[in-house]
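*Asks:* Pasting a structure below so you can have a look.
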Amino acid sequence: MLRFEHVSKRYPDGTVAVDDLDLEVREGELVTLVGPSGCGKTTTMRMVNRLEEPTSGRILLEGKDVATWDPVKLRRRMGYVIQQVGLFPHRTVLDNTATVPHLLGWRRADARRRAAELLELVGLDPKVYGGRYPEQLSGGQRQRVGVARALAADPPVLLMDEPFGAVDPVVRERLQSEFLRLQAEVRKTVLFVTHDMEEAVRLGDRIAVYGQGRIEQFDTPAAVLGAP
Ligand code: ADP
Ligand code: ADP
């Protein structure tokens, strides 16, 4: 589904963020990228949706080099959730979520119905929260809206960059279990970045353990935990 072939990224200042990376994510698989800050996880992610271009190598989505995809079409195939999701402050939760289907040409009423389903899916009752504004939500709830919005175009791929990194540990655990339940239902191909090994092990079907710009180990949680 998603495949990195000898991908390297050197920034203009000479920093080599990603060094000859090979990685394959199967359809419906959740792969966590875990490692300390600065080891190249975010750069890896941003090359998938072409917010960055690799210096060499290529990334294939459904067998096709992402560099040859039309960027707009490409981003419709990928939901993206970051640590602090940016919601439109002057739109309600329901409208924030309905924006994507509406942009994709859904009629307004259909887009809103779809948005309500998505909010339900991420554990926010649309009747209670749909009419609120982002500032009236807790951090955890805002991240849930971010996930709902990322799912709005029904993309086959989800890119998640520390989506639960900015909430307290109790809320994070709840978001993790909700996300596992949701993933069991929607079966997206997921790349999930975290610096927290516990989170990586809990969520990942397979885990890519990053060192400096490289993958040091790529295996199942059991194998990674059992490693000497
Ligand atoms: P991580 O997500 O694992 O924290 P990043 O991919 O953000 O790592 O960064 C990898 C390396 O690339 C770090 O050394 C970082 O300082 C560097 N880096 C990231 N973005 C840029 C940039 N735009 N220009 C120069 N160096 C960058
Ligand atoms: P979560 O576990 O999702 O992070 P919290 O425990 O932080 O939720 O919040 C609990 C309740 O308080 C939620 O129902 C949320 O809607 C409400 N709440 C949190 N922050 C605000 C706010 N700034 N204004 C109004 N309600 C809020």
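The values are calculated or read from the model by the stated rules, or taken from the named source; none is laboratory data. Bear in mind that the values here come from a model prediction, so they are computed numbers and not experimental data. Neighbour counts are summed over all protein chains in view; Cβ atoms, including those assigned to glycine, are modelled from backbone coordinates with ideal geometry. Heavy atoms of the whole protein, side chains included, go into the accessibility calculation; ligands, DNA and RNA do not. Shrake-Rupley method; radii C 1.70, N 1.55, O 1.52, S 1.80 Å.
*Asks:* Find which of Leu21, Pro101, Met47 sits farthest along the positive direction of the dipole of the chain, computed with +1 on the beta-carbon of Lys and Arg, -1 on that of Asp and Glu, about the Cα centre.
*Replies:* Farthest towards the positive pole: Pro101.
*Asks:* Report, in deg cm²/dmol and to the nearest 500, the calculated mean residue ellipticity at 222 nm for the chain, where each DSSP H run with n ≥ 4 adds -39500 (n - 2.57) and the sum is divided by the residue count. Mind dumping the intermediate values first?
*Replies:* Details: 9 runs with 86 residues, N = 228.
Computed mean residue ellipticity for the chain: -11000 deg cm²/dmol.
*Asks:* Calculate one ³J(HN,Hα) per residue across segment 202-210 by plugging θ = phi - 60° into the Karplus curve 6.51 cos²θ - 1.76 cosθ + 1.60, and present them in order as whole Hz with x for glycine and proline.
*Replies:* So the Karplus estimates, Gly and Pro as x, are 5, 9, x, 6, 9, 10, 9, 8, 8 Hz.
*Asks:* With a sphere of radius 12 Å drawn around the Cβ of Val16, what net charge do the other residues whose Cβ falls strictly inside it have (Lys, Arg +1; Asp, Glu -1)?
*Replies:* Working: positive: Lys9, Arg10, Arg214; negative: Asp13, Asp19, Asp20.
Taking every Cβ under 12 Å from that of Val16, the sum is 0.
*Asks:* Towards the positive end of the charge dipole of segment 122-196, with charges on Cβ (+1 Lys, Arg; -1 Asp, Glu), say which of Val128, Leu159, Gln141 has the farthest Cα.
*Replies:* It is Val128.
*Asks:* Considering only Pro71, Pro12, Pro155, give the residue with the highest GNM mean-square fluctuation for the chain, with springs between Cα atoms whenever their separation is below 10 Å.
*Replies:* The residue that fluctuates most here is Pro12.
*Asks:* Nearest 20 debye, what's the magnitude of the dipole of segment 180-228 about its Cα centre given +1 on Lys and Arg Cβ and -1 on Asp and Glu Cβ? Walk me through the numbers on the way to the answer.
*Replies:* Numbers: 6 positive and 7 negative charges, 41 e Å.
Roughly 200 debye for segment 180-228.
*Asks:* Can you give the extra length, in nm with one decimal, that the chain gains between Arg26 and His6 once fully stretched, where that is 0.36 nm per residue apart less the Cα-Cα distance?
*Replies:* 5.4 nm is the gain from fully extending Arg26 to His6.
*Asks:* Using θ = phi - 60° and the Karplus form 6.51 cos²θ - 1.76 cosθ + 1.60, what ³J(HN,Hα) does each residue of segment 124-130 get, whole Hz, x for Gly and Pro?
*Replies:* 10, 5, x, 5, 8, 9, x
*Asks:* A further question on this structure: Could you work out how much longer the chain between Glu62 and Val171 gets when fully extended? Use 0.36 nm per residue separation minus the Cα distance between them, nm to one decimal. Kindly include the intermediate steps, with their values, before the conclusion.
*Replies:* Working: separation 109, 0.36 × 109 = 39.24 nm, distance 3.47 nm.
Residue separation times 0.36 nm, minus the Cα-Cα distance, leaves 35.8 nm.
*Asks:* By how many degrees, between 0 and 90 and to the nearest 10, does the Cα long axis of helix 139-150 differ from the longest principal axis of the chain?
*Replies:* With rounding to tens, the tilt is 80 degrees.
*Asks:* Quick one: with all protein chains in place, what share of the accessible area of the chain is carbon or sulfur, to the nearest percent (1.4 Å probe)?
*Replies:* 49
*Asks:* What number comes out for accessible area per residue over the chain if the probe is 1.4 Å? Units Å², please. Display every interim value, and only then the final one.
*Replies:* Details: 11050 Å² over 228 residues.
Ligands and nucleic acids excluded, the result is 48 Å² per residue.
*Asks:* A follow-up question, please. How far apart, in nanometres, would the label points at Lys127 and Leu103 be if each is projected 7 angstrom from Cα along the Cα-to-Cβ direction?
*Replies:* Spacing of the two 7 Å Cα→Cβ label points: 3.1 nm.
*Asks:* Skipping prolines and chain starts, which residues have an amide H placed within reach, meaning under 5 Å, of the one on Val18, given they are 5 or more residues away or on another chain?
*Replies:* It is Lys9, by chain and number.
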